[in-house]
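Here is the structure we will look at, set down as structure tokens.
The values are calculated or read from the model by the stated rules, or taken from the named source; none is laboratory data. Remember, it's a predicted structure, so these values are computed and weren't measured experimentally. In this analysis, Cβ positions are derived from the backbone assuming ideal geometry, glycine residues included, and neighbour counts consider all displayed protein chains. SASA here: full protein model, heavy atoms, side chains in, ligands and nucleic acids out. Shrake-Rupley method; radii C 1.70, N 1.55, O 1.52, S 1.80 Å.
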Amino acid sequence: MIDATVTTSALLAALATPGNQQAWAEIDHRYRPILISVARKAGLGDADADVVAQDALADLFASLQAKRYDRSRGRLRQWLLGICRLKIADARRREASRGHTLSGSIAESASNDEWTQVWEIEQRQVILAEAIDRLRASGKMQPHTLAAFEMTALRNIPASEVAAQLGLTAQEVYLAKSRCLERIRTIIDELNRVYADDE
């Protein structure tokens, strides 16, 4: 689970301490899913996307250790996205040499703005998934409240059908969904502050 109390700036400062495995684990946890998703959007399969993420994080580690990453020149996500794009291009060349053509929702020749937009969309998806996981793990919602939320908001089951399955009224289903969405928005705000602090 992403530690929403530790900003990216604090993590980068912690990485200045040699051997800080906890900070590296947190960076990995935050950014690996985004890197994998971006690589998949570029047309790579699961295994290649995993390799791209691993290689991009290894390059980030090397850049930080060699003090090549200069925070005054841009955000961490832009640095990581640049590394990711290079790794994707390498993977595409390997596939092309084997006679395979890859097609994804973003082309290698896409503009920086288009790549940034893909990154931001994937980051929002990662944050949403994390928020839902935190809601489930919080213990603050009754099981029927969570079930009503998941069925209506995540699986798009009509409220009347959810009410019948859970023995609730339609009004109780709507209230459960509303309570969960309110809590998820709060969690998302916390996580957005963490990710926004990568300047």
**Study point:** Neighbourhood net charge (15 Å Cβ-Cβ; Lys/Arg +1, Asp/Glu -1) for ILE132
**Key:** +3
Review point. Over all Cα pairs of region 23-112, how is the pair count split among 5 Å bins, expressed in % and running from 0 up to the last occupied bin?
Key: 3, 14, 25, 24, 17, 10, 5, 1, 0
Point to revise | Residue range of the chain that is longest and free of trypsin sites (Lys or Arg not before Pro) which are both DSSP loop and sparsely packed (at most 14 other C-beta within 10 Å) | key: 1-66
Review point. With every protein chain in place, what's the accessible area of TYR174 (1.4 Å probe, Å², nearest 10)?
Key: 130 Å²
Review point. Once the whole set of protein chains is in place, how much accessible area is left on HIS29, using a 1.4 Å probe, in Å² to the nearest 10?
Key: 70 Å²
Revision key, fill the gap. Rounded to the nearest 10 Å², the 1.4 Å probe accessible area of ILE36 is 20 Å²
Exercise for review: Give the cross-link partners of LYS177 among the lysines, using a straight C-alpha distance below 29 Å as the criterion and excluding same-chain residues fewer than 8 apart.
Suggested key: LYS140
Check your understanding: Across region 184-195, in residue order, what do the Karplus-derived ³J(HN,Hα) couplings come to in whole Hz, using 6.51 cos²θ - 1.76 cosθ + 1.60 with θ = phi - 60° and x for Gly and Pro?
Key -> 5, 4, 4, 5, 4, 4, 4, 5, 4, 4, 5, 6
Practice item. May I have the pair-distance distribution P(r) for region 109-199, computed from all Cα-Cα distances with 10 Å bins from 0 and rounded to whole percent? Key: 16, 38, 26, 15, 6, 0
Practice item. For MET141, MET151, give the ranking by accessible area with the largest first, probe 1.4 Å. Key: MET141, MET151
Check your understanding: Which lysines have a Cα less than 21 Å from the Cα of LYS67, not counting those fewer than 8 places away in the same chain?
Key -> LYS87
Review point. Counting Lys and Arg as +1 and Asp and Glu as -1, what is the net charge of the other residues whose Cβ lies under 15 Å from the Cβ of GLU161?
Key: 0
Revision key, fill the gap. Placing +1 on each Lys and Arg Cβ and -1 on each Asp and Glu Cβ in the chain, then taking the dipole about the Cα centre, the residue among LEU168, SER37, SER178 whose Cα reaches farthest towards the positive end is SER37
Practice item. Please compute the net charge surrounding ALA53, taking Lys and Arg as +1 and Asp and Glu as -1 over other residues with Cβ under 15 Å from its Cβ. Key: -1
Exercise for review: Specify which residue in the list PRO158, LEU15, PRO143 is farthest towards the positive end of the charge dipole of the chain, using unit charges on the beta carbon of Lys, Arg (+1) and Asp, Glu (-1), about the Cα centre.
Suggested key: LEU15
Review point. What label, among [x] 13.4; [y] 11.4; [z] 10.2, belongs to mean projected area of the Cα convex hull in nm² computed from the structure on display?
Key: [x]
Check your understanding: Using unit Cβ charges (K, R positive; D, E negative) and no other charged atoms, how large, in debye to the nearest 20, is the dipole of the chain about its Cα centre?
Key -> 120 debye
Check your understanding: How do TRP24, TRP119, TRP79 stack up against each other in accessible area, from largest to smallest, with a 1.4 angstrom probe?
Key -> TRP79, TRP24, TRP119
Revision key, fill the gap. From DSSP H assignment alone, runs of 4+ in the chain each adding -39500 (n - 2.57), the sum over residues rounded to the nearest 500 puts [θ] at 222 nm at -23500 deg cm²/dmol
Check your understanding: Which order do SER111, SER97 take when ranked by solvent-accessible area (1.4 Å probe, heavy atoms of all protein chains), largest first?
Key -> SER97, SER111
